[in-house]
Amino acid sequence: MDTFIGCDFGGTKLLIGEIDETGRILNSKRYDTGIKKHTEAAAYILSCLTDYIGEAGFVGKPKAAGAGVVGVVDYAKGIWRSMDHVETTPIPLAALISDKLGIPAAVDNDVKCATRAEMMFGQGKYSDNFIYLNIGTGIAAGFVVEGNILRGANNNSGEVGHCVVDLSREEICICGRHGCVEGIASGSGFSKQAVCLLDQYPTRLEGVGKGKVNVSEIFKGADQGDALCMKLTEQAMDNLSNLIMNLVRTTDPDTIVLGGGVVSDGWLLPKICEKLNPSTMRGVKNGVIKSNFNPGLVGLIGAGAQGIVKLQELKHRLI
Ligand SMILES: [Zn+2]
């Protein structure tokens, strides 16, 4: 059986696995991370691949591989440019993985990998013009326009977490602006906002200010009438619906797919949809829908899918 190797490198974990051509995961292994520099991360990915080959082995016959990583990636050249926009040593990660495994390899940004998984095996399968909006620890999007993933002049398209949705905000985002949606409606945004609003809104929510607050606890609190939880969810719904409507005006999609841990339980989706303006959304004929993938696995499937695409590109070049 022909198979494809995926490496999904995120802030806390590296998942290496093998998928078949339908996107089914045949085997996988998780490695802990926490590395902040992409040069160190690349070396770690390669050493974990060595471990994977020795420990897990392959189920089928791998034909190509893909890696999904945080930060800026030049997909066409197979280069990982940066994880933090500070250290920018170009790492030829696709070539390094290809040498390690002896098969063609591709590298892409993690959200673009998830977008690829949606294109090939998920909710974007029947659309050539959709937006994959990932709402997890951060917020970012993959834009599919006329069948292609938009990349941009610096391979940095889709950083929509830094779209301003509330000019009345005083807190300054890491990007230097005020009122970015990521600071309000992402997983980390919920936690930050809980701290900011704690003095004004009473709550039974535990652990505020002691790290990340679990969004499912916030949703449960909102259902029970907890004042802080109601405020947090209300402002997130307002800001996410505005973000979606702004994005609809940019690339004219027919489908919006929501992915990521903040939306995976389905609680937010109908509440966001209630706030969407029908006139703005009239061309989005498939509506705003939830990804069917497990948010913890979509990056791995998408990374493997980039391997499938790489192989197809090479075959086309030979014809
Ligand atoms: Zn920002």
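From least to most packed, judged by other beta carbons within 10 angstrom and beginning with the fewest, His162, His38, His316 follow the order His316, His162, His38. Note: relative contact order over the chain, using C-alpha pairs below 8 Å and six or more positions apart, is 21 percent.
For the range 28-172, relative contact order (Cα pairs under 8 Å, six or more residues apart, normalised by length) works out to 17 percent. Sorting the segments 59-70, 94-105 by their residues' average number of neighbouring beta-carbon atoms within 10 angstrom, most packed first, yields 59-70, 94-105.
Dipole size of the range 83-208 about its Cα centre, with +1 on Lys/Arg Cβ and -1 on Asp/Glu Cβ: approximately 220 debye, rounded to the nearest 20. For the range 234-268, backbone nitrogen atoms closer than 12 Å to the point 7 Å from Leu167 Cα along Cα-to-C-beta are found at no residue.
Extension gain for Asp265 to Glu206 (0.36 nm times residue separation, less C-alpha to C-alpha distance): 19.2 nm. Take the Cα pairs of the chain, get the Kirkwood Rh, then feed it into Stokes-Einstein at 20 °C and 1.002 mPa s and tell me D in µm²/s. Taking Rh from Cα pairs, D becomes 106 µm²/s.
Report, in degrees rounded to the nearest 10, the 0 to 90 angle that the Cα long axis of helix 187-197 makes with the longest principal axis of the chain. Approximately 20 degrees, to the nearest ten. Per the Debye calculation on the range 111-192 with a single equal scatterer at every Cα and no solvent contribution, log₁₀ I(q)/I(0) for q = 0.21, 0.24 Å⁻¹ amounts to -0.92, -1.05.
Over the chain, dividing the summed -39,500 (n - 2.57) contributions of all DSSP H runs of at least 4 residues by the number of residues returns a 222 nm mean residue ellipticity of -11500 deg cm²/dmol. Mean separation of Cα pairs under 8 Å and 6 or more residues apart, divided by the residue count, gives the range 163-272 a relative contact order of 23 percent.
Report the net charge of residues surrounding Leu311, where surrounding means a beta-carbon distance below 14 angstrom and charges are Lys +1, Arg +1, Asp -1, Glu -1. So the environment of Leu311 carries a net charge of +2.
Residues Arg116, Arg24, Arg81, arranged from fewest to most other Cβ atoms within 10 angstrom of their Cβ, appear as Arg24, Arg81, Arg116. Principal-axis analysis of the Cα atoms of the chain puts helix 38-55 at an angle of about 60° to the longest axis.
Put in line by how crowded their Cβ is, counting other Cβ atoms within 10 Å and starting with the fewest, Asp238, Asp265 read Asp265, Asp238.
Residues in the range 122-139 carry Karplus couplings, in order, of x, 5, x, 4, 9, 10, 9, 9, 9, 10, 9, 10, 9, 10, x, 4, x, 10 Hz; the curve used is 6.51 cos²θ - 1.76 cosθ + 1.60 with θ = phi - 60°, and Gly or Pro positions show x. Annotation for Asn246 and Glu217: the two label points, set 7 Å from Cα along the Cα-Cβ direction, are 3.0 nm apart. Ordering 123-131, 139-147 by mean Cβ neighbour count within 10 Å, with the highest value first, yields 139-147, 123-131. Each residue of the range 173-184 was assigned a 3J(HN,Hα) from its phi angle through the Karplus curve 6.51 cos²θ - 1.76 cosθ + 1.60 (θ = phi - 60°); the sequence is 6, 4, 7, x, 9, 10, x, 5, 5, 4, x, 10 Hz, with glycine and proline shown as x. Pair-distance distribution P(r) for the range 36-77, from all Cα-Cα distances in 10 Å bins starting at 0: 20, 49, 28, 3 percent.
The HN-Hα couplings worked out from phi for the range 258-273 by the Karplus form 6.51 cos²θ - 1.76 cosθ + 1.60 (θ = phi - 60°) are 9, x, x, x, 6, 10, 5, 7, x, 5, 6, 3, x, 6, 5, 4 Hz, whole numbers, x standing for Gly and Pro. Comparing Cα centroids, the range 238-254 and the range 1-43 end up 31 angstrom apart. Within the set of other residues whose C-beta is less than 13 Å from the C-beta of Lys220, count the net charge using Lys and Arg as +1 and Asp and Glu as -1. Counting the neighbours of Lys220, the net charge comes to -4.
Just so you know, all these numbers are worked out from the coordinates, no wet-lab data involved. Fair warning: this is a prediction, and the values are worked out from it, not measured in the lab. No Cβ is skipped: glycine too gets one built from the backbone with ideal geometry, and neighbour counts run over all protein chains shown.
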